[in-house]
Structure formats: structure tokens, C-alpha cells
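The next block holds one structure in the form of C-alpha cells; read it before the comments.
The values are calculated or read from the model by the stated rules, or taken from the named source; none is laboratory data. Predicted model, so just to flag it, every value in this text is computed and none were measured. Please note: Cβ atoms are built from the backbone with ideal geometry, for glycine as well, and neighbour counts cover all protein chains shown.
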Amino acid sequence: MALKIPPLQDVVRLTGSDVAKTADNYRRHLESAGPVWSYDPAKRQARAVFSLEMSREAAVKACGQKGHKGGRPFNEEVGGLIWDAANDRGKYMCHPIKSRMLSLRSDVQIKVDPQFLFVENGKPVFFYLQPRKSHVPGALGLRVIATAIHSLFAIDDAADADLMLLDLSQPEQCDVRAVASYNFADLPLLSSAEMEGFFQRFVDAYDLVSAEGVRPKPKRPRPEKERGDDLFGPPPPT
């Protein structure tokens, strides 16, 4: 049975400086039961917060009214910070984006999912939300994410597109999240060789862990109706 490939942010986070470290990270990831809640409610509402006229209180409520009760306070916190970023930027017509797969090999494909795009000063801007407080990519990891988004989405009519990567992590030795917004200029794109070298470590670690017969621990069940309704209705199929 093929091992499950984590989404881009987790692949980036798990990929260490060498194959052995990456394999150790990936092994522990698979053997973890995972969280009982997610930031999906806030991710689903981000487009509405950027598009609609609403108060900060309304944004907080919208992001925290669905999902596992244990995660609602954290989704509310993220909802308020998304509103802060949107309020500084302005209101735009936002368009949903279907996720795409970054193919490392026929059996190793990584999901890349910017939440939406908006047009600013005639230029499309891809929005990518990093809502976690901890267990997040470092500076190199953010460049990997930016490069992956650019390679898959900044093509054809969107070749001149920019990025708004909203990082809401909490830096070490800080008591609160530090809201940071990055564009492509802030996160210089990596070369093809650098990207290949980075992801080759994950592919080699994947093969190593697969050969060991490691099997993922069953995930904790989530409520059936965690998705709920959002202000735009159901998201597009991916």
C-alpha cells in the first residue's frame, strides 16, 4: 500500500537537511494520529473576508462558527488576522482556484492549493494562507512554497502574477503570532536544480520509509459536518 503524501506545506516542513533526517520526520508524521481539528474553516472563509464588506467581529465569527469545537478559538483568531490583512489591502473580487498537483514522480505527487486569486493594479495575485502557530516551514520552506505556486499557477495569462503568502505563525520566544505577508519579491524563486535537490530528499525518504513497511496510524475521526456552510457556498471540486 502506497504511503499518503502530505500536502505541500507539510512536505516542506518535514524535509530536512538530509535524507535520514527527512525520513525520521516523515516516519514520525505517519505514526502520529494527527490533530482532531483543522484550520479549514478559516481557509474557507478567507475569500469572503477579502471580498465582502464586514466588520472584524463578523470575520472572527464566520471563521469560528464551524468545525470541531476545540479548534474554533484558533480559527477565530486567524479570522481576525485575515481581516486585518484584508483591511490593510482593500476589497477585491476574489476568484477560487482549483488545487494542482506537483508531480515529483508518478507515485509521488504533492497537492498545492492557494485559496484564491484577486486582481490588484491589473495584476493577478495568488493568496496562500499559512495559519498555523507552530510546526511551520522556515525561510527556505516559504521560498519552496512560493516557487511551487509560481511554477504551477503563474503561467499563460497569469505569467506576470504576484503572490500574497499570509504567514500567521508565532515566532520562537514570542507570545503572539507575527502577521507577515510575502510576495514573490520577498521570497526569491529557487532554481530548478535547487527545487529538484530539495524534493529529491523527500522522495528518497519516502522510498526508505516505504521499504521499512511503516504504516500510518489511523487518524482521529472528525465530526461529519465539520465543513458546514460558508458565505460563498461549497468550495469548487478539487
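Report yes if Met101 is within 22 Å of Ser51 (Cα to Cα), at pLDDT 95 or above and not polar (S, T, N, Q), otherwise no. No; evaluated as a whole, the condition is false for this residue.
Quick grid of which residues meet (1) at pLDDT 95 or above; (2) hydroxyl-bearing (Ser, Thr, Tyr); (3) part of a loop (DSSP other than H, G, I, E, B):
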residue: Gly141; (1), (2), (3): yes, no, no
residue: Thr147; (1), (2), (3): yes, yes, no
residue: Leu163; (1), (2), (3): yes, no, no
residue: Asp186; (1), (2), (3): yes, no, yes
residue: Met195; (1), (2), (3): yes, no, no
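Scanning region 18-35 for residues being modelled with pLDDT of 95 or more and assigned to a loop (DSSP other than H, G, I, E, B) gives a total of 1. Of everything listed in (1) in contact (Cβ under 8 Å) with a residue 24 or more places away in the chain; (2) more than 16 Å from the chain's Cα centre (by Cα), the single unmet condition for Asp207 is (1). Hey, can you tell me all the residues within region 50-60 that are of a type outside the set (S, T, N, Q), at pLDDT below 95 and in a helix (DSSP H, G or I)? Phe50 - this is the single residue of region 50-60 that is of a type outside the set (S, T, N, Q), at pLDDT below 95 and in a helix (DSSP H, G or I).
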